[in-house]
Amino acid sequence: MSTAHSRDSAGSTSFEEFARASQRRLYRTAYLLCGDAESARDLTQTTLAKLFQHWRRAGTAQYPEAYARTVLTRTYLAERRRRLRDLLAHTRVDTPRAAVRPELTVTLLTALAELPPRARAMVVLRYWEDLSVESVAELLRCSESTVKSQCSRSLARLREQLGPAHVYTTES
């Protein structure tokens, strides 16, 4: 039996097979959440390590990809909360934020980086991963109305930062 199609005695895919097949997709989602390659690689590796630890449960899940995406998103949010706590512990809270520059060179990743971590996760999961409102709400453990309102506010903020869409779609 080839490793690409191996199943264990419980009928689940081997971890190695799953990791090979899912790593790129997890990395792309991690990149959109983190905004840089190094952090995305770290988040992907942390996610795969957590999945490996709990593979007996994750490997038999009905939708292992969804399970992995949940682990990735929750790991990202937990890390952001931890970084924020560390930052607040070592920085004055009343430090003014840097002004947003209204230049046309603002990229989507820069604009996404301006969103709070939870709102950013909602936008990425809803519009990049194309998950339903119900799925995002379940994944992030919040109400559907929270997902709808946060996505609406976040999209409005992104539109404001990025300016008119035609600037990015027409040729110069």
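The values are calculated or read from the model by the stated rules, or taken from the named source; none is laboratory data. Given the structure is predicted, the values throughout are model-derived calculations rather than measurements. Cβ coordinates were reconstructed from backbone atoms using ideal geometry, including for glycine residues, and neighbour counts include every protein chain displayed. Just the protein is used for accessible areas: all its heavy atoms, side chains included, with ligands, DNA and RNA removed. Shrake-Rupley method; radii C 1.70, N 1.55, O 1.52, S 1.80 Å.
Data overview
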item: Calculated log₁₀ intensity ratio I(q)/I(0) where the Debye formula runs over C-alpha points of region 31-89, q = 0.22 Å⁻¹; result: -0.87
item: Residue-count net charge about Gln23 - beta-carbon cut-off 15 Å; Lys, Arg +1, Asp, Glu -1; result: +3
item: Exposure ranking of Lys50, Lys148 by accessible area [1.4 Å probe, largest first]; result: Lys148, Lys50
item: Modelled label reach - Arg25, point 7 Å along Cα→Cβ, region 136-154 residues with backbone N closer than 17 Å; result: 136, 139
item: Nearest-10 value in Å² for the accessible area of Asp36, using the 1.4 Å probe; result: 60
item: Two-site label geometry, Ser14 and Trp128: point separation in nm, points 7 Å out along Cα→Cβ; result: 3.1
item: Ranked order, Trp55, Trp128 - accessible area, probe 1.4 Å, largest first; result: Trp128, Trp55
